[in-house]
Amino acid sequence: MKKDAEQTVAVKRRALELGFDAVGIATLEPSAHAAELDQWLAAGYAGSMTYLHRQAEKRKDPARIMRDSRVAVVTLTNYFHGSNDPGRQPEEHRNQKNLLAFVNPGLATGVSRASGRVAQYAWSADYHDVLGHRLERLASAVREIVPGAKTRCYVDAGPVPERELAQRAGLGWIGKNMMLIDPDRGSFTFIGVVLTDADLAPDLPFEADRCGSCRACLDACPTSAFVAPGVLDARRCISYLTIEHRGAFSQVQEPLVGDWLFGCDVCQDVCPWNVKFARPTRDVELSVRPEVAEPELAALLDAKPGSFRRRFGDTPFERPGVAGMRRNAAAVLANRRRARA
């Protein structure tokens with residue numbers, strides 16, 4: 001038992017040395033929220049994300065993801081870049097629900113009218129690449145510290161229930177907006193996971209729900225995408241529409257996008273835990289790239305596959321691709337025209 005504890009401490013120390021901001025060890029028992037996932041999928045709230053249906057059984061039982069796995073080494077990486085309006089009040093966001101009066105909020109936050117709003121996680125190089133390489137180094141460390149151990153890495157991919165594993169690893173709780181909230185950093189964090197058969201000592205889960213009676217994230221959502229606390233209808237979520245949705249927007253969908261070109265941070269911006277505790281990252285690999293943080297709408301409208309790939313091929317914009325980003329840019333401009341009219 002002493003050896004297991006020493007190895008666990010060594011793995012955690014190595015994770016912090018590699019640049020992760022927090023690390024914990026989670027057990028892999030079946031999910032306590034399996035029935036909720038089934039109900040969510042049955043209600044159609046996943047929209048066109050059919051891969052979630054295919055992954056459901058493993059998400060409900062994470063030990064099935066990797067044969068003989070015992071624990072998950074779960075990491076958090078801060079990606080907050082410093083919001084221009086972190087104290088923006090929920091009432092201001094509620095006013096955005098009048099979508100015909102959705103005046104460009106970027107004017108109040110320093111975003112140029114020549115660009116659209118982009119979620120902070122996309123302001124730098126693609127986190128899948130940055131954290132993927134870092135997790136591979138951590139996995140190598142696990143195999144070095146525990147000879148003979150097997151490992152497998154995941155960064156927001158595959159059937160891994162990252163937020164639930166992070167909660168089990170003692171790193172935070174899952175808020176009403178479905179984001180993991182780290183009490184020391186808020187929710188602007190990437191979650192990385194290394195599954196392993198190494199016999200590492202698990203941490204105690206984070207049992208407390210520190211949201212209390214707060215409804216800031218629910219009330220601020222400009223599209224009323226939260227059906228209930230902890231229940232998101234992705235089909236109304238701006239992040240889903242601008243990133244995961246394929247094809248043209250319907251007449252109903254286009255106004256929902258508002259001024260957001262890629263993703264949405266509203267429910268995080270108003271969270272009191274972010275307002276109070278989020279601090280700008282010092283991670284040089286996640287440095288802001290201006291061409292991604294404030295991309296020119298006109299350039300995206302005229303983008304060709306080749307030029308788009310050269311400029312954005314190593315960024316999260318690659319997920320919707322050139323067609324999706326052209327569609328998003330056109331929607332932002334159309335919404336601005338409606339607002340002026």
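The values are calculated or read from the model by the stated rules, or taken from the named source; none is laboratory data. Everything quoted here is computed from the prediction, not taken from an experiment. Cβ coordinates were reconstructed from backbone atoms using ideal geometry, including for glycine residues, and neighbour counts include every protein chain displayed. Note: accessible area is taken over every heavy atom of the protein model, side chains too, but ligands, DNA and RNA are not part of it. Shrake-Rupley method; radii C 1.70, N 1.55, O 1.52, S 1.80 Å.
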Dipole magnitude of the chain about its Cα centre (Cβ charges: Lys, Arg +1; Asp, Glu -1), debye to nearest 20
740
Solvent-accessible area of Met179 with every protein chain in place, 1.4 Å probe, in Å² to the nearest 10:
50
Cysteines not pairable in the chain (beta carbon separation under 4.7 Å absent)
Cys153, Cys211, Cys214, Cys221, Cys237, Cys264, Cys271
At most 15 other Cβ atoms within 10 Å plus a DSSP loop assignment makes a site exposed; report the longest stretch of the chain without any exposed trypsin sites (Lys or Arg not before Pro).
114-209
With Cβ to Cβ distances under 12 Å as the rule, what net charge do the other residues near Ala141 carry (K, R +1; D, E -1)?
+3
Between Ser48 and Ala10, what is the label-to-label distance in nm when each label sits 7 Å out along the Cα-to-Cβ direction?
4.9
Give the accessible surface of the chain per residue, rounded to a whole number of Å², with probe radius 1.4 Å and ligands, DNA and RNA excluded.
46
Shape call for region 191-341, from the Cα gyration tensor axes a ≥ b ≥ c (a/c under 1.5 means rounded, otherwise prolate when a/b beats b/c, else oblate), comes out oblate
Computed accessible area, Tyr51, all protein chains, 1.4 angstrom probe, square angstrom
70
Net charge around Gly44, counting only other residues with Cβ within less than 13 Å of its Cβ (Lys, Arg = +1; Asp, Glu = -1)?
0
Please check which bits of region 280-318 a label hung off Ala114 would reach, taking the label as a point 7 Å along Cα-to-C-beta and the cut-off as backbone N under 13 Å.
291, 294-300
Once the dipole of the chain is set up from charges on Cβ (+1 Lys and Arg, -1 Asp and Glu), the residue from the list Ala22, Ala225, Ala334 lying farthest towards its positive end is Ala334
For a quick check: with amide H placed at 1.01 Å from N, whose amide H comes under 5 Å from Trp173's, ignoring anything fewer than 5 positions away on the same chain?
Ile181
Taking protein heavy atoms only, a 1.4 Å probe, and rounding to whole percent, the accessible area of the chain owed to carbon and sulfur comes out at 53
Equivalent ellipsoid semi-axes - Cα gyration tensor, the chain, angstrom
35, 21, 19
If Lys and Arg each add +1 and Asp and Glu each add -1, what is the summed charge of the other residues whose beta carbon sits under 11 Å from the beta carbon of Pro205?
-3
Cross-link pairs Lys58/Lys176; Lys58/Lys276; Lys2/Lys58; Lys2/Lys176; Lys60/Lys150 - those with Cα-Cα distance over 27 Å
Lys58/Lys276; Lys2/Lys58; Lys2/Lys176
So if I place +1 on the C-beta of Lys and Arg and -1 on the C-beta of Asp and Glu, and nothing else carries charge, what would the dipole magnitude of region 116-174 be about its Cα centre? I want it in debye, nearest 20.
140
Evaluate the relative contact order of region 24-87 (contact order divided by residue number), counting alpha-carbon pairs under 8 angstrom at least 6 apart; express in whole percent.
51
